[in-house]
Amino acid sequence: MNNRLLRRSRVPPTRIAVALAALAACLPAAHAQPAASTAAAASVVADASALQTIEIKGQNLRSAGTPYSSTVLDSQQIRDAAVSQPEQLLKSVPGVEVRGYQLGGVVSVITIRGFSGGAHGGDLGMVIDGIPLNEAMSHSDGYADLNVIVPLEIERYEVFRGPVSALYGNFNRGGLIAIESRRGGEYGEADVSLASHGTVDLQAALGTKLGSGQFNGAVQGFRTGDYRPDSEFKRGTASARYSLDLAPQTKLSFSGRLHKGDWTSASYLLRSQFDGGDPYGKDARVLDDGGEKNFGTARVDLAQGLSEQIKLLVFAYGTRQDLVRYFTRPFNATTWSQREENYDRTVGGTGFSLNGNTPLAGVPLEWVAGIEVYREDTDYQFFEGLQARVRTAPAVYDRTYAFNSTSAFTEVTASPTPWFRPTLGLRYDRFTGDCTKNGTESGSDPCDALNTASRTTPKLGVRSTVAPGLDLRASAAEGFALPPNVAKYASGGANLEPTVFTQYEIGVSYASKLLRADLAGYRLTSSNEVRTVSPGVYENFGRTERRGVEISLMLRPMGDVEVGLVANRTDTEVKENANAALIGKQVTGVPKWSAGLTAAFRPAAGFGASAELRHVADSAVDATNTIFYGAFTTLDLALQYSGTWGGSGTSAGARYRLYAKVDNATDRVYATNAFVIGGQNLVAPAPPRSLQVGLQTTF
């Protein structure tokens, strides 16, 4: 195919040359003697245990030493939060809001850095152990489901803000959630909780030596009756990993997960009904909404030490998934219709990465470089006008989408001095694919071959330690987006260029025993946005600017007491659009500011308590900014008691924690999302006050 969606890279040739030269320079240095460790550049690959840190995709570089803004939660912080879904952890991340749809297994939308389409759309990348969760052509372009992950299995939960990661490309524009599961240790853990609306959550995790290898696994069973009529969500997940040390510097790992979920739903509620005194009701025209999802992944990793300073990781993975969803929504003021969507998805990926910690002319370098090949096939069916899940007409769409990518990536951090630690990242992506109609369909969406596409994106930054515990940082990074949804497969979009996202950021962080603080300011501009000229014909026209400030603080005035704050201010503005009425308007679904204040007393033994006060400002519901949904404030409270049981002699016994939580303690009536469909104002009602009691044990 001669046409190209992404013909011209805007990266200056000098930037590419510098990046390639840096990589080439560090590779020959692999056989040099390791430099002495310093606080600014500690070796993370000099012993066999470091293989665990690169067993995913080559995550040799950690956010604490790079100039990009990110938030990291470890397994203990995650357990203290006592969550049933990983997305609930995002309230700890400044500038991130979960705008729930409250439709059972339908993924919520996440706002980040002025983007309003994370998770339910393509503005936020998500990976678990290097396996992409984003779906190229499933329910929504870039749709990603965190329900397939057991909170208790997570070792590290990192949220990058902005298009800064060189390890991942497509959908990595507003940010990236990178999750790592546990890979070692001897532990046994269980979390059991009961909550309002018939909610039950059972989680367990195990880490142990098994034969000559290491086993890590986790399971979860969850059910909620929800708080609206005809609403129920049930899901179960199991994950496991088995690792073998074949030689002192050789490790072979097998991992996989299985997930099943099914749900019923009351759909959305007319805003007039919500405001009129029935905030948890159901429209009579909604009949038998819901869905079902089956999901499975498998992965194999071979980690090989080539020297004390260089490690090689070879990996391959596969995903098999099917999803069906039934959803009723209005066409106009009098007519509602139920649709059925079916997605049968198969994914395969393989690649390798080299990871090193080597000196160049006496300057410590940490680097990663790799290649990955990925293929995704999605069988898609769409039916309209169903009657309580019964089809009344042939398929509107019945087709198969193929989506292929080949990627090369590198990232290098040098540490010549503590006050000057530059990082350079570079990523190249190339995409191909096609669309095939499987039968007769009445829809008019394009179904052509995907025009061959390629893109090179640079990431550059500097971090500086100017005083003990005080770091400054600055960075510039570029991301991209392929044309949305079917525009990728339209011959009428053959001359499209990418939508380019350019972010500039400065930040400062401070860490001591008493205080941890971080402040970041950014400007993120999207250009060459894609608009529809006529059915099947598209062009680049549009530009949007996003600016913001994000702050996080954690004060520990005494050992068991914590006071925390996360807050942000976000300003978005449409700078260029084919519709002149939209110029100067703000992006829909993005609150201008939000803040969360927490206070907690968590002793190792005895009683503890915590409280969280959260405020979210109003946001625009429609593109012309004529409809807004109001701000809301919520209060969550919790009590706990920690202790041990069963100990004797030198045995400490099992640790346990009993807890009780009251979410939305003031019983505030509000909606987590609001939108316009078919000219009608709709809302997704948030849960009323709910009580949860639980028991956590560690053996």
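The values are calculated or read from the model by the stated rules, or taken from the named source; none is laboratory data. From a predicted model like this one, the values you see are computed outputs, not experimental measurements. Cβ atoms come from the backbone with ideal geometry, glycine included; neighbour counts cover every protein chain shown. The area values use the complete protein model at the heavy-atom level, side chains included, leaving out ligands, DNA and RNA. Shrake-Rupley method; radii C 1.70, N 1.55, O 1.52, S 1.80 Å.
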> Counting each DSSP H run of 4 or more residues in the chain as -39500 (n - 2.57), what helix-only mean residue ellipticity at 222 nm follows after dividing by all residues, to the nearest 500 deg cm²/dmol?
Replying inline: -1000 deg cm²/dmol
> Going highest first, how would you order 202-210, 418-426 by mean Cβ packing within 10 Å?
Replying inline: 418-426, 202-210
>> For the stretch 215-298, take the convex hull of the Cα atoms, compute a quarter of its surface area, and give me that in nm², please.
In response: 7.8 nm²
> Which chymotrypsin sites (Phe, Trp or Tyr not before Pro) from the stretch 522-590 combine a DSSP loop assignment with at most 11 other Cβ atoms within 10 Å?
Replying inline: none
>> Tell me the per residue accessible area of the chain using a 1.4 Å probe; a whole number in Å² is fine.
In response: 39 Å²
>> Along the Cα→Cβ direction, 7 angstrom out, place labels at Ala609 and Thr644. What is the inter-label distance in nm?
In response: 2.7 nm
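Give the residue list of chymotrypsin sites (Phe, Trp or Tyr not before Pro) in the stretch 300-385 that are DSSP loop and have at most 14 other beta-carbon atoms within 10 angstrom. Display every interim value, and only then the final one.
Working: sites: Phe315, Tyr317, Tyr326, Phe327, Phe331, Trp336, Tyr343, Phe352, Trp367, Tyr374, Tyr380, Phe382, Phe383; in loops: Phe331.
Passing both the DSSP loop test and the Cβ count: Phe331.
Considering only the other residues whose Cβ falls under 13 Å of the Cβ of Glu539, what net charge follows from Lys and Arg at +1 and Asp and Glu at -1? Display every interim value, and only then the final one.
Details: positive: Arg531; negative: Glu497, Glu529, Glu576.
It works out to a net charge of -2.
Tally up the carbon and sulfur contribution to the accessible surface of the chain as a whole percent, 1.4 Å probe, everything protein left in place.
On the way: 15890 of 27020 Å².
Of all accessible area on the chain, carbon and sulfur atoms account for 59 percent.
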> Where the centre of each part is set by its Cα atoms, how far does the stretch 68-105 sit from the stretch 484-510, in angstrom?
Replying inline: 26 Å
> Once you charge only the Cβ atoms, +1 for Lys and Arg and -1 for Asp and Glu, what is the size of the charge dipole of the stretch 452-501 about its Cα centre, to the nearest 20 debye?
Replying inline: 80 debye
> According to the square roots a ≥ b ≥ c of the eigenvalues of the Cα gyration tensor, what is the shape class of the chain, taking rounded for a/c under 1.5, prolate for a/b larger than b/c otherwise, and oblate for the remainder?
Replying inline: rounded
> Give me the Kirkwood hydrodynamic radius of the stretch 526-658 in Å, from all C-alpha pairs, to one decimal place?
Replying inline: 19.1 Å
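Quick check: net charge around Leu470, other residues with Cβ under 15 Å of its Cβ, Lys/Arg +1 and Asp/Glu -1?
Working: positive: Arg421, Arg463, Arg473, Lys513, Arg516; negative: Asp471, Asp518.
Once all neighbours under 15 Å are counted, the net charge is +3.
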> Between the stretch 261-335 and the stretch 107-156, what's the alpha-carbon centroid distance in Å?
Replying inline: 10 Å
> Which listed residue (Tyr670, Gly646, Ser690) has the Cα farthest towards the positive end of the charge dipole for the stretch 633-696, taking +1 on Lys and Arg C-beta and -1 on Asp and Glu C-beta about the Cα centre?
Replying inline: Gly646
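So if I place +1 on the C-beta of Lys and Arg and -1 on the C-beta of Asp and Glu, and nothing else carries charge, what would the dipole magnitude of the chain be about its Cα centre? I want it in debye, nearest 20. Before the final figure, lay out each step's value.
Numbers: 68 positive and 69 negative charges, 217 e Å.
Approximately 1040 debye in magnitude.
If we count every other residue with Cβ under 12 angstrom of Phe607's Cβ, Lys/Arg +1 and Asp/Glu -1, where does the sum land?
On the way: positive: Arg602, Arg657; negative: Asp560.
After counting each charged neighbour, the total is +1.
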>> Within 10 Å of each candidate Cβ there may be at most 10 other Cβ atoms; applying that plus a DSSP loop requirement, which GluC sites (Glu not before Pro) in the stretch 156-256 survive?
In response: Glu186
>> Can you tell me how the stretch 82-146 classifies by the Cα gyration tensor, rounded, prolate or oblate, using a/c under 1.5 as the rounded cut?
In response: rounded
> Size of the dipole of the stretch 241-281 about the Cα centre, Lys and Arg at +1 and Asp and Glu at -1 on the beta carbon, nothing else charged, in debye to 20?
Replying inline: 320 debye
> Once amide H atoms are built 1.01 Å from N in the peptide plane, which residues 5 or more positions from Arg156, or in another chain, come under 5 Å H to H?
Replying inline: Glu180
>> Under the rule of at least 5 residues apart or a separate chain, name every residue whose amide H is placed under 5 Å from the amide H of Ile627.
In response: Val621, Asp622
>> Quick check on my link table: of Lys260/Lys488; Lys437/Lys488; Lys209/Lys251; Lys293/Lys488; Lys260/Lys661; Lys234/Lys488, which ones sit more than 24 Å apart, alpha carbon to alpha carbon?
In response: Lys260/Lys488; Lys293/Lys488; Lys260/Lys661; Lys234/Lys488
>> Need one number: nm distance between label points at Asp618 and Arg285, each 7 Å from Cα along Cα→Cβ, rounded to one decimal.
In response: 2.7 nm
